[in-house]
Number of protein chains: 2
Amino acid sequence: MQTVSEIDDLSPGGGSLMIAWQLKGKRVLLVGGGEVGASRIGHLLRADAHITLLSPEKGLVPTTKDYIAKYPQRITYYGRSFTGPAELHKMDLVLTAIDSPAASREIAGLCRQAKIPVNAADIPELCDFYFGAQIRDGPLQIMISSNGNGPRISALIKERVQASLGGYEGLALSKIGMLRAELKKRVPDIGGAVGRKRMKWMSKICNDWPLIDFTLLDDAMIHKLLDEGWEKNRVPTFEEVCEKPKPSVVQATSSSTSGEVSKTSRSNFLIPIANFLAGAVFMAAVMLARRR
Amino acid sequence: MQTVSEIDDLSPGGGSLMIAWQLKGKRVLLVGGGEVGASRIGHLLRADAHITLLSPEKGLVPTTKDYIAKYPQRITYYGRSFTGPAELHKMDLVLTAIDSPAASREIAGLCRQAKIPVNAADIPELCDFYFGAQIRDGPLQIMISSNGNGPRISALIKERVQASLGGYEGLALSKIGMLRAELKKRVPDIGGAVGRKRMKWMSKICNDWPLIDFTLLDDAMIHKLLDEGWEKNRVPTFEEVCEKPKPSVVQATSSSTSGEVSKTSRSNFLIPIANFLAGAVFMAAVMLARRR
């Protein structure tokens, strides 16, 4: 946990509350089907929202048309502009992605009256919330926000963050989610001593096992892990629960990242050795050549 | 922009809408001042919210007490439990961080009736939104969410993401924000051709300049950049706008990260050379020893 002085060091204010909004079964009104609108649809589909899209047909970009065609159960499309307060009926969230600041301002005002959170693209002062550069890998989602200071830089930082990931984190997280769900089936208590013990055990295995090892979990291994681990109040090693040998790529990666996150990967580990050998060979060649 | 087939590859559903919620001037009710409550206060202060905290005094951890003492204008503290619907009056957001699932359930139900977004710690099904592991560096904020699959793993991935950053991104973003604000003073149009031209110019300089160079921008340089750049429809080099020589650390870093984000940093560049030399010296020593 952060201490107050750490917060002070970070200069407390000026930021946003970064949250993962739950939209399953919720209704979202999107006004505008251009480039920005299409990108909003992508975000909304990932969050399982039902989308009502308002946009004259001439304003649709090809990606939006593809979405409408591909997800008829998820997107209700009306080929017209926003007509008035009735459009907000039963909406949980409203996004505008249109060129007219005046129209955006009108819609945002109506939303505020109706207590519906609203985002108006490109007009920060009308927004209850901002979007940012996003990474998605299965259940893993990462958002990078510049708090309006440089959207292009968020995109560049996103590339850097993406490069720091191994590409297996999403799959590993899915498997950890399956393990947690199975454990909750055995001990469904919420909170209390059992809840804390469950959280502690899950934390311990997440610390002890290299992340990539979780990608190999299957149903049989999950059951063995709970029988030999949870039931006996210990964390088995990967080898204890898996009869098959690890694929070599996982072995190489997990041996260099055991437990704590390490910044080395397999290739980072081999490159210094290769460079050392190259230097040695070079010097040997030079000295042999001079000797002759 | 993502295409529909890219979205499909990512398996559309099952995620959250990742957003940066704006809480400046907004009122947040926090019920519970324990470990989790204290961490919520940190997030809320960073977002400039006004916090009303309800918690019997015996439930406060030291960090929460520090916050209450340190930010009396930002936190209104009542040493008691939640008493009923009147507590929600004029609240924009509600967070519970208490041990009793029944009390959380009651509060969340009242929030839903009043259309106030709510997060109940540890009870995902009561939450309109989740938190995740967070990184803050000035205006840069990054959130990592496992969508409930493994909070411990989000924390580990956060360490990995943090290690991929150079530590100067927040300062660079602040300076880019100052440049953008100065440009908006010169051409305040929203949207339209001028808005697009402004966005394009900002994008181009963000692509052309290594990110770390922005950290050195001062007021004089910003004006020169706009005079020599924006006004002449071009992007000057850093050297054109800065009379002083670059500090050597910036020089080394920016020369290896020019424009596009590169995965090499100064130390990554020197390590292979050092290894090569170590190999060469080692081999020389071995061969000289054998010659004697």
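Worth a mention:
- Residues within the range A:1-22 that are touching a helix residue (DSSP H, G or I) at 6+ places or on another chain (Cβ under 7 Å) and modelled with pLDDT of 95 or more, tallied: 1
- Residue match in the range A:124-132 (condition: at pLDDT below 95, out of contact with any strand residue (DSSP E or B) (no Cβ under 9 Å at 6 or more places or on another chain) and under 23 Å from B:Met178 (Cα atoms)): yes
- Those residues of the range B:13-36 which are surrounded by fewer than 23 Cβ atoms within 10 Å (Cβ to Cβ), assigned to a loop (DSSP other than H, G, I, E, B) and not small (Gly, Ala, Ser), in sequence order: B:Lys24, B:Lys26
- Selection within the range A:91-114 - more than 28 Å from the chain's Cα centre (by Cα), part of a loop (DSSP other than H, G, I, E, B) and not aliphatic (A, V, I, L, M): A:Asp99, A:Ser100
- Cross-chain or 6+ apart pairs with Cβ under 6 Å, the range B:159-183 first and within 15 Å of B:Gln134 (Cα to Cα) and at pLDDT below 95, then part of a helix (DSSP H, G or I) and of a type in the set (Asp, Glu): none
- Residues satisfying the stated conditions in the range A:121-140, i.e. within 7 Å of chain B (Cβ to nearest Cβ) and under 21 Å from the mean Cα position of the chain (by Cα): A:Phe129, A:Tyr130, A:Phe131, A:Gly132, A:Gln134, A:Arg136, A:Pro139, A:Leu140
- Number of positions in the range A:66-83 that are within 14 Å of chain B (Cβ to nearest Cβ), in contact with a helix residue (DSSP H, G or I) (Cβ under 9 Å, 6 or more places away or on another chain), part of a loop (DSSP other than H, G, I, E, B) and not charged (D, E, K, R): 1
- Matching residues in the range A:146-164 - criterion: being at the interface with chain B (Cβ under 7 Å from one of its Cβ atoms) and under 13 Å from the mean Cα position of the chain (by Cα): A:Val161
- Any hit, the range B:60-73, residues being within 30 Å of A:Arg74 (Cβ to Cβ) and buried (at least 23 other Cβ atoms within 10 Å of the Cβ): no
- Any hit, the range A:192-202, residues being touching a Gly at 6+ places or on another chain (Cβ under 7 Å), among the aliphatic types (A, V, I, L, M) and at pLDDT 90 or above: no
- Subset tally (residues that are surrounded by fewer than 21 Cβ atoms within 10 Å (Cβ to Cβ) and at pLDDT below 90) for the range B:133-150: 1
- B:Pro117 more than 30 Å from A:Leu211 (Cα to Cα), facing another protein chain (nearest Cβ under 8 Å) and either surrounded by 20 or more Cβ atoms within 10 Å (Cβ to Cβ) or of a type in the set (Asp, Glu) (or both): yes
- A:Ala102 falls short on exactly one of the conditions (1) within 11 Å of chain B (Cβ to nearest Cβ); (2) in contact (Cβ under 8 Å) with a residue 12 or more places away in the chain; (3) on the phi < 0 side of the Ramachandran plot, and that condition is (2).
The values are calculated or read from the model by the stated rules, or taken from the named source; none is laboratory data. All of these numbers come straight from a predicted model, not from anything done at the bench. Counting neighbours? That spans all protein chains shown, and the Cβs are built from the backbone with ideal geometry, glycine included.
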